[in-house]
Amino acid sequence: MITYQTEGVRLPAIKKRENNAWIKAVTAQYGKRVGDVAYIFCDDERILEVNREYLQHDYYTDIITFDYTEGDVISGDLFISLDTVRTNAEQFGQEYERELYRVIIHGILHLCGINDKGPGEREQMEAAENQALAMR
């Protein structure tokens, strides 16, 4: 089940049924199924708190993914800072909505096993994001 929650912000205008179907379609491409996935939309201050408390990182980010995946069933908590999504959209010259969906699927791709920290991984993640966005 996919849930959408907020902490200190208003829920973005997401068509949940369509979004859930999209997430399931993307997940299926990686041979996975969706288990319990919780999106927690928040502001920069909250994501900074989460980053400091759980990852010992002292910086803002657009998404933090806590992965509880077992086998081929993806599960996790995905914290998304709507402030950083908006800032990144402006910085990269993207529409806010497109950037929001990029971040939404970015977390799912992490749960499917795609990383973006090692050599060449960022390019793989970007390609996977673009492919997923084309499916929307």
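The values are calculated or read from the model by the stated rules, or taken from the named source; none is laboratory data. In this text the structure is predicted, and so the values were computed from the model without any measurement. Note: ideal-geometry Cβ built from the backbone for every residue, glycine included; neighbour counts use all protein chains shown.
Assorted remarks:
- Contact annotation: residue pairs with Cβ atoms under 7 Å, 6 or more positions apart or on different chains, pairing a residue in the range 11-27 that is over 18 Å from Leu109 (Cα atoms) and of a type in the set (Val, Ile, Thr) with a partner that is at pLDDT 95 or above and outside any helix (DSSP H, G or I), are Ile14/Tyr4.
- The requirement of being in contact with a helix residue (DSSP H, G or I) (Cβ under 8 Å, 6 or more places away or on another chain), within 21 Å of Asn115 (Cβ to Cβ) and surrounded by fewer than 17 Cβ atoms within 10 Å (Cβ to Cβ) is fulfilled somewhere in the range 33-40, by at least one residue.
- Scanning the range 117-136 for residues that are outside any helix (DSSP H, G or I) and either closer than 19 Å to Lys32 by Cα or of a type in the set (A, V, I, L, M, F, W, C) (or both) yields a single hit, Arg136.
- Considering residues of the range 53-112 that are in a helix (DSSP H, G or I), acidic (Asp, Glu) and within 19 Å of Leu133 (Cα to Cα) only, the residue farthest from the chain's Cα centre (by Cα): Glu90
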